[in-house]
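Heads up, the thing below is written out as structure tokens.
FYI, it's all coordinate maths here, none of it is from the lab. This structure is a prediction, so every number in the text was calculated from the model and none was measured. All Cβ positions, even for glycine, are placed from backbone atoms using ideal geometry, and neighbour counts span all protein chains on display.
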Amino acid sequence: MLVKWLEETSLASAMQSHEWAVPAVQSIHILGLAIIFASMLMYDLRLLGVSGRHYGLGAMTKRFLPPLWIALGVMLATGALLIVAEPARELLNPLFWTKMSLLLIASLLTYGAGRTSLGARGQSFDLSIMARTIGLVCLGCWLGIVFCGRWIAYFDVM
Amino acid sequence: MMTELFSSIQAWPISQAIAEHPWYFPAAEVVHVMAIALVVGSISLLDLRLVGLRARDIAVTRIARDVLNWTWVAFAVAVVTGLLMFISSAETYWENPFFRIKMVLIALAGLNMLLFHLGMFRSVHLWDDAASPPYGARIAGGLSLLFWIGVVTCGRWIGFV
């Protein structure tokens, strides 16, 4: 199946043959995570209304979401490389799929919140129950993502 | 002498508990990763401002005020969880070159922060709103970014050696 096919690609063997390839890609993955973490923390806490209220929500959206999306791109790219290098480790692991589901939810909610903040209903959205709920759920999702990400290593399905 | 110290640390009941229990170590490690993500993420907001690359329209002191509490709290959590992991295999970690380099880089990052605080930051009211801060501030910000990227990279490599 997919795992076998990926394991046999030349990219996979290239990454496996250089011992430092996986940790190097993982390091970039973690640095991308740092950028996402900072951006999402500032943003989600602002949505929650807990900090940064002296900044307008629109301004915060414009400031913190672009780096978040760029960093997310980096993480998807490095993540894809890590999957190709060790397909079974991820694709056969329920924790990995949990992580991806949380990522999808967090990304969609963040995107939605951003669009609304910059749109016509931005003012009424700011500090609303909806905004605060999204902030809280997103925060939880991102923390869950990091948690699952690290726990994959301990849940050896091989 | 150091090896004796570390092997006795490894023999503590708490160290052995962490080393042997199925999820004590993983739990500490996960929290450690989250904490370090917060440290590097938050300090980079300030560093990028100091270097003059981002948020150039916001006063440096404003960003520092918003960000540094997070950095310190996250750093404390990182240190505590780091120590919990360290004691479980103190001797092995001590002998790991990447661990040592990581500790040196953290010390350098701290020294850099301290020197900046006692030096350039004293005159911040003169350049707070400058889109491009003076050279000393930019160097401090740039060095900080490099040191912390090094810390994360070494941290990842510890487990790999």
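Brief remarks follow.
- Coupling constants for segment A:21-35 follow from the phi torsions by the Karplus curve (6.51 cos²θ - 1.76 cosθ + 1.60, θ = phi - 60°), and in residue order they are 5, 5, x, 5, 5, 4, 4, 5, 4, 5, 5, x, 4, 4, 5 Hz; glycine and proline get x.
- Per-selection metrics, chain B (Cα): Rg and Dmax in Å: 18.2, 55
- Shielding by partners for peptide A:36-46, expressed as the average number of C-beta atoms from other protein chains within 10 Å of each residue's C-beta, is 4.
- Angle in degrees between helix B:60-88 and the longest Cα principal axis of chain B, rounded to the nearest 10: 10
- For the protein assembly as shown, fraction of C-alpha pairs farther apart than 35 Å, in %: 27
- Order of A:43, A:154, A:55, B:135 under a 10 Å beta carbon neighbour criterion, fewest first: B:135, A:154, A:55, A:43
- Whole-number D in µm²/s for segment A:109-156 (Stokes-Einstein; Kirkwood sum over Cα pairs; 25 °C, 0.890 mPa s): 202
- Once Rg and the Kirkwood radius are both taken over the C-alpha atoms of segment B:1-59, their ratio Rg/Rh works out to 1.32.
- Alpha carbon convex hull of segment B:53-101, volume per residue in cubic angstrom: 90
- Counting only aspartates and glutamates at least 8 places from residue B:102 when in the same chain, those with an alpha carbon closer than 17 Å to its own are B:29, B:91.
- Among B:2, A:42, a tally of other beta-carbon atoms within 10 Å of each Cβ gives an order, fewest to most, of B:2, A:42.
- Cβ-based exposure ranking for B:23, B:127, in which fewest neighbours within 10 Å come first: B:23, B:127
- Cut-off 11 Å between beta-carbons: net charge of the residues surrounding residue B:3, Lys and Arg +1, Asp and Glu -1: -3
- Over every Cα atom in segment A:36-91, the radius of gyration and the widest Cα-Cα span, Dmax, amount to 15.4, 47 Å.
- Overall dimensions of chain A as given by Cα atoms, namely Rg and Dmax in Å: 17.9, 55
- Summed over all non-identical Cα pairs, the Kirkwood treatment of segment A:1-60 gives a radius of 14.7 Å.
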